[in-house]
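The values are calculated or read from the model by the stated rules, or taken from the named source; none is laboratory data. Treat the numbers as computed from the prediction; the structure is a model and nothing was measured. Neighbour counts run over all protein chains shown; Cβ positions are idealised from the backbone, glycine included. Side chains included, ligands, DNA and RNA excluded: accessible areas come from the protein's heavy atoms. Shrake-Rupley method; radii C 1.70, N 1.55, O 1.52, S 1.80 Å.
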Amino acid sequence: MAIKNAGRAIDLRRLLSDAAIASANILSGPEENVEIRQVAEDSRRVEPGSLFVAVRGSVHDGHKFIPDALARGAVAVAGTQPTRPEGLPDHIPYVLVPDDRKAVALLSAAFFEFPSRKLQVIGVTGTDGKTTTSTLIHAILKAAGCRAGLISTIQAEIGGQSYDTGFHVTTPEAFDVQRYLHDMVEAGTEVAVLETTSHALDQGRTLCVDYDVAVVTNVTHEHLDWHGNWENYMAAKARLFEALCNSHRKPGTPKVAVLNADDKSYSWLKKIPADMQWVYGLDRNKQPDVTVDSITYRSGGTSFIAQTPIADIPIELRLPGKHNVYNALSAVAATLALGIPKEAVREGLASVERIRGRMEWVEEARPLGFDVVVDFAHTPNGLEKTLELARDIVAPRKGRVIAVFGSAGLRDREKRSLMGDVAGRLADLTVITAEDPRTERVEDISAEIARSIEAHGREEGVDFWQVHDRAEAIAFAIEMARPGDIILTCGKAHEGSMCYGKDELPWDEFAAVRAGLARRKQ
């Protein structure tokens, strides 16, 4: 994790004043003030000196966890319950706030003195490609000599140091977002790149981040268990763009929207005001600002000319696939909009050799004559793009595409059949397995995927298998691979845990692959 708050403390009354929460009111508590050392919305993360904000969620009411927060050292409580919670000790102040999620964001930002106002902030949202795009933007900024920071699914980079974020979701909680941004300010960072999910936008985790550039990759089927339908999902993504012109303005920094002309989100997002809109895409008929010419796809990367309003820029991208061309174009648009020189754009994109868990080849497989690739594809669109790329790679050598994947439990159930449909169309062989089943049975999730594969005339035991233990599933795929084949293990990639029941158990996808390869070599 990144640097802790290094002993920071602030008086409760001053914190409330700095946060400027409308109608916040200390209903009761001691006459003397208390010092706050952390703001927490999850009682399990409370540390001594915390202000615990009891958030009413869709499943749990945070007010029920006040005793747990107090046991862990909370010294004050905030919530939306209009009367002092029953059983709250007299020496603990209770703060009534009108909006619990907004209060968490405001209090967290105020605790760290609103760090995003001291940075240029680029937010990247979308269903697929967020981590890759964020990494590419960060690389371009560094190539330009900018002191740049990054918060992504994989890691945080602050002051030239990398930190394992440990996130099982992309965007951390509000207090952690503000802490990372504060650490960046302390390290002399000029520009921060923040991977931003729809959950974070919907739950207010980034409410007090003052974005200057908003980038969208695409908006396809995902998280409909939370959002209900695509329109609600799209509305959540749109909050990033709506926040642009409503956030703090920094001298000489315009508010810029970077949009994908070829994506369904474009017609929605283009209506949202911004100082500038930079539009990218491959369809020239849509007249994007940033597009390509002379494109050449290879298994090890892609070459093309990025045509921009500034200049034509020759690009050598080491990341393969059409989807990565889109990611690169969005990074080009975002950085050119901030005045980054074209030379740095070219150099930055060329410097990214790989991104952990994004079409990452496992070198130990190659002596066996086939490839094993670890990829994070966990959405129907992501899986489709990954399998399409794999088909292009194996076609010249007449190999087969072997897909290993599952679908998360207690999450968007509709995508299970959609992912099965993708595998039925594009994979030669499929091994269905576990991917964070949570409290659902792996067997039930796998059966839903299997039905869609069977709809393509595929036969279990011939074209696809259900192997519920993920390590065994990977080993099984490796065992049946032939020279020229490519195995793709999709959905876990960089993640360091697997959720069974309510427990996060250690998981290492790369270790599972290497164990399967070692077994094959015996």
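In table form, for the structure just shown:
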read-out	value
Segment 461-505 - residue that is closer than 21 Å to residue 394 by Cα and among the β-branched types (Val, Ile, Thr) and, of those, nearest to the chain's Cα centre (by Cα)	489
Unique match (being more than 26 Å from residue 503 (Cα to Cα) and more than 23 Å from the chain's Cα centre (by Cα)) among 441, 425	425
Subset of segment 354-387 [buried (at least 20 other Cβ atoms within 10 Å of the Cβ) and small (Gly, Ala, Ser)]	357, 365, 377, 382
Residues of segment 456-513 classified as in a loop (DSSP other than H, G, I, E, B), out of contact with any Phe, Trp or Tyr (no Cβ under 9 Å at 6 or more places or on another chain) and either of a type outside the set (A, V, I, L, M, F, W, C) or without any contact (Cβ under 8 Å) to a residue 24 or more places away in the chain (or both), total	11
Residue within segment 251-269 that is touching a Pro at 6+ places or on another chain (Cβ under 9 Å), more than 20 Å from residue 126 (Cβ to Cβ) and open to solvent by less than 10 Å² (accessible area, probe 1.4 Å) present	no
Considering residues of segment 270-293 that are among the polar types (S, T, N, Q) and outside any loop (DSSP other than H, G, I, E, B) only, the residue most open to solvent (accessible area, probe 1.4 Å)	285
Segment 171-220, residues that are outside any loop (DSSP other than H, G, I, E, B), farther than 20 Å from residue 244 by Cβ, open to solvent by 10 Å² or more (accessible area, probe 1.4 Å) and not acidic (Asp, Glu)	175, 179, 182, 185
Residue 39 being over 32 Å from the mean Cα position of the chain (by Cα) and not in a loop (DSSP other than H, G, I, E, B)	no
Residues (of a type in the set (A, V, I, L, M) and modelled with pLDDT of 95 or more) located in segment 490-517	511, 512, 513, 515, 517
Any chance residue 201 is touching a strand residue (DSSP E or B) at 6+ places or on another chain (Cβ under 9 Å) and at pLDDT 90 or above	no
Tally of residues being open to solvent by 50 Å² or more (accessible area, probe 1.4 Å), closer than 14 Å to residue 406 by Cα and in contact with a strand residue (DSSP E or B) (Cβ under 9 Å, 6 or more places away or on another chain) across segment 423-456	1
Residue tally, condition in a loop (DSSP other than H, G, I, E, B), more than 12 Å from residue 464 (Cα to Cα) and in contact with a helix residue (DSSP H, G or I) (Cβ under 7 Å, 6 or more places away or on another chain), over segment 414-445	2
Set 9, 19, 71: member being open to solvent by less than 40 Å² (accessible area, probe 1.4 Å) and of a type outside the set (Lys, Arg)	19
All positions within segment 42-64 that are buried (at least 20 other Cβ atoms within 10 Å of the Cβ) and not in a loop (DSSP other than H, G, I, E, B)	43, 50, 51, 52, 53, 54, 62
Qualifying positions in segment 24-63 - among the small types (Gly, Ala, Ser), more than 19 Å from residue 108 (Cβ to Cβ) and either modelled with pLDDT of 95 or more or touching a His at 6+ places or on another chain (Cβ under 8 Å) (or both)	29
Given (1) surrounded by fewer than 18 Cβ atoms within 10 Å (Cβ to Cβ); (2) without any contact (Cβ under 8 Å) to a residue 40 or more places away in the chain; (3) of a type in the set (Gly, Ala, Ser), index of the condition residue 351 fails	(2)
Hits in segment 457-483 (condition: over 17 Å from residue 498 (Cβ atoms), loosely packed, with under 15 Cβ neighbours inside 10 Å and not hydrophobic (A, V, I, L, M, F, W, C))	457, 459, 460, 461, 479, 482, 483
Tally, over segment 318-347, of residues that are in contact with a helix residue (DSSP H, G or I) (Cβ under 9 Å, 6 or more places away or on another chain), among the hydrophobic types (A, V, I, L, M, F, W, C) and buried (at least 24 other Cβ atoms within 10 Å of the Cβ)	6
Residues of segment 398-422 satisfying the condition of being modelled with pLDDT under 90 and surrounded by fewer than 19 Cβ atoms within 10 Å (Cβ to Cβ)	410, 413, 414
Single condition residue 487 does not satisfy, out of (1) among the aliphatic types (A, V, I, L, M); (2) closer than 22 Å to residue 382 by Cβ; (3) surrounded by fewer than 19 Cβ atoms within 10 Å (Cβ to Cβ)	(3)
Close pairs from segment 188-208: first at negative phi, partner aromatic (Phe, Trp, Tyr) and surrounded by 22 or more Cβ atoms within 10 Å (Cβ to Cβ), Cβ under 7 Å, at least 6 apart	198/233
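For every residue, the table says whether it meets (1) of a type outside the set (Gly, Ala, Ser); (2) at positive phi.
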site	(1), (2)
94	yes, no
98	yes, no
103	no, no
129	no, yes
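Let's see how each residue does on (1) over 24 Å from the mean Cα position of the chain (by Cα); (2) buried (at least 24 other Cβ atoms within 10 Å of the Cβ); (3) in contact (Cβ under 8 Å) with a residue 60 or more places away in the chain:
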{"residue": "104", "(1), (2), (3)": "no, yes, yes"}
{"residue": "117", "(1), (2), (3)": "no, no, yes"}
{"residue": "141", "(1), (2), (3)": "no, yes, yes"}
{"residue": "149", "(1), (2), (3)": "no, yes, no"}
